[in-house]
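One structure is given here, and the rest of the page talks about it.
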Amino acid sequence: MQAKPVLGILGGSGLYHMAGLSSVETFELETPFGKPSAPIVAGMLAGKQVVFLARHGIGHTISPTEVNYRANIYALKMLGVTRVVSISACGSLREDYAPGEIIIPDQVFDFTRGRERSFFGDGIVAHISSAEPVCPQLSAQLAGAVRAVGGRLHEGGALITIEGPRFSTKAESNVFRAWGMSIIGMTASPEVFLAREAEMCYAIMAHVTDYDVWHVSEAPVTVEMVIRTLLENTALAQSAVERLAAGLPVEKTCACESALADALITAREHISPAAREKLGLLIGKYLPS
């Protein structure tokens, strides 16, 4: 790799097929949590090093529940990524968030059930703060990039992550609306929280593909709807990523890269050598030599 990456992109495998990407390399990594979903593609974009990881594998072969979120985030960390943008489809739970628009949510509600949610456990405990789950600085920078390339954009709102892979029932969709949720998807959790544990900035570019199933005058969500909207928005997403990469400052004003400073509760002398080795990339700077 020519330089340290300024940005990691988690999304579909078609995202990195862009004209402006040069000096392309592919990395096949093994992490303490297994293999990531796909080989990681790295390249120069707008003069900056950027890496891409297909969350659902090449050809979309991995369901939301089956994604190895821990390996994906850990692999990006291994390559030196400090900022991550998630690009994904979502359903709208609000009348004013319409299909074809981009949402950059500021809150996440985890309604999943069957996923590994943390890097920690097995003798080492960390209680990460997640009151503000996404990075406000990176989210604002992402919003600026989307707006600059002509995207129809909304900033803010709560994204609820369901287990999937099925879509919601009308009863479920209406409950989520009553709870005050804005959009619904299947991949933000636990990805956003793992990024926080890895002390990485994380922001979400959510593409509204449908009104879920609650809207009485719109057809219920289908795979065809999702694919059609995502294909239409691919060029916009690529342009926004390039714009974001070009304008990212070196310095940060957020606290993401010190998220573990007050989170590790296990007495240092009780952290086993095996745990130190497994999680050294994440916690090494907080352990005495």
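Here are the numbers for the structure shown:
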quantity: Single match in SER118, SER129, SER173, SER189 (criterion: of a type outside the set (A, V, I, L, M), part of a helix (DSSP H, G or I) and within 23 Å of PHE33 (Cβ to Cβ)); calculated: SER189
quantity: Any hit, the stretch 126-135, residues being among the hydroxyl-bearing types (Ser, Thr, Tyr) and more than 21 Å from GLU242 (Cβ to Cβ); calculated: yes
quantity: Residue within the stretch 152-170 that is in contact with a strand residue (DSSP E or B) (Cβ under 9 Å, 6 or more places away or on another chain), surrounded by fewer than 22 Cβ atoms within 10 Å (Cβ to Cβ) and polar (S, T, N, Q) present; calculated: yes
quantity: Out of ILE62, ILE58, sole residue that is modelled with pLDDT of 95 or more and either of a type in the set (A, V, I, L, M, F, W, C) or surrounded by 19 or more Cβ atoms within 10 Å (Cβ to Cβ) (or both); calculated: ILE62
quantity: Residue tally, condition farther than 21 Å from ALA131 by Cα and either surrounded by 18 or more Cβ atoms within 10 Å (Cβ to Cβ) or more than 20 Å from the chain's Cα centre (by Cα) (or both), over the stretch 250-282; calculated: 17
quantity: Some residue of the stretch 41-48 being modelled with pLDDT under 95, hydrophobic (A, V, I, L, M, F, W, C) and surrounded by fewer than 16 Cβ atoms within 10 Å (Cβ to Cβ); calculated: no
quantity: Pick from the stretch 213-269, criterion part of a helix (DSSP H, G or I) and of a type in the set (Lys, Arg), ranking: modelled with the lowest pLDDT; calculated: ARG228
quantity: Single unsatisfied condition, MET44 versus (1) in a loop (DSSP other than H, G, I, E, B); (2) farther than 28 Å from PRO165 by Cβ; (3) of a type outside the set (S, T, N, Q); (4) in contact (Cβ under 8 Å) with a residue 40 or more places away in the chain; calculated: (1)
quantity: Residues being in a loop (DSSP other than H, G, I, E, B) and free of Cβ contacts under 8 Å to residues at least 60 places away in the same chain - total across the stretch 1-40; calculated: 13
quantity: Every pair of residues 6+ apart whose Cβ atoms lie under 7 Å, when the first sits in the stretch 232-253 and is within 12 Å of CYS201 (Cβ to Cβ) while the second is assigned to a loop (DSSP other than H, G, I, E, B) and at pLDDT below 95; calculated: LEU248/VAL6
quantity: Filter pass, SER182 being among the polar types (S, T, N, Q), within 21 Å of ALA89 (Cβ to Cβ), out of contact with any Asp or Glu (no Cβ under 8 Å at 6 or more places or on another chain) and surrounded by 23 or more Cβ atoms within 10 Å (Cβ to Cβ); calculated: yes
quantity: Close pairs (8 angstrom Cβ cut-off, 6 or more residues apart or separate chains): under 15 Å from HIS207 (Cβ atoms) in the stretch 137-162, of a type in the set (Phe, Trp, Tyr) and not in a strand (DSSP E or B) anywhere; calculated: HIS154/TYR97; GLY157/TYR97
quantity: All positions within the stretch 88-123 that are at pLDDT below 95 and of a type in the set (A, V, I, L, M, F, W, C); calculated: ALA89, CYS90, ALA98
quantity: Contacts under 8 angstrom Cβ, first residue in the stretch 200-213 being within 16 Å of VAL6 (Cβ to Cβ), partner in a strand (DSSP E or B) and aliphatic (A, V, I, L, M), 6 or more apart; calculated: MET200/VAL84; CYS201/VAL84; TYR202/VAL84; TYR202/VAL85; ALA203/VAL84; ALA203/VAL85; ALA203/ILE104
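So that you can scan it fast, the table gives a plain yes or no per residue for (1) of a type in the set (Val, Ile, Thr); (2) under 30 Å from ARG268 (Cβ atoms); (3) surrounded by 14 or more Cβ atoms within 10 Å (Cβ to Cβ):
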site	(1), (2), (3)
LEU93	no, no, yes
ASP96	no, no, no
ILE104	yes, no, yes
ARG117	no, yes, yes
ASP122	no, yes, no
HIS127	no, yes, no
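The values are calculated or read from the model by the stated rules, or taken from the named source; none is laboratory data. All figures in this text were calculated on a predicted structure; none of them were measured in a lab. Virtual Cβ from ideal backbone geometry, glycine too; neighbours counted across all protein chains shown.
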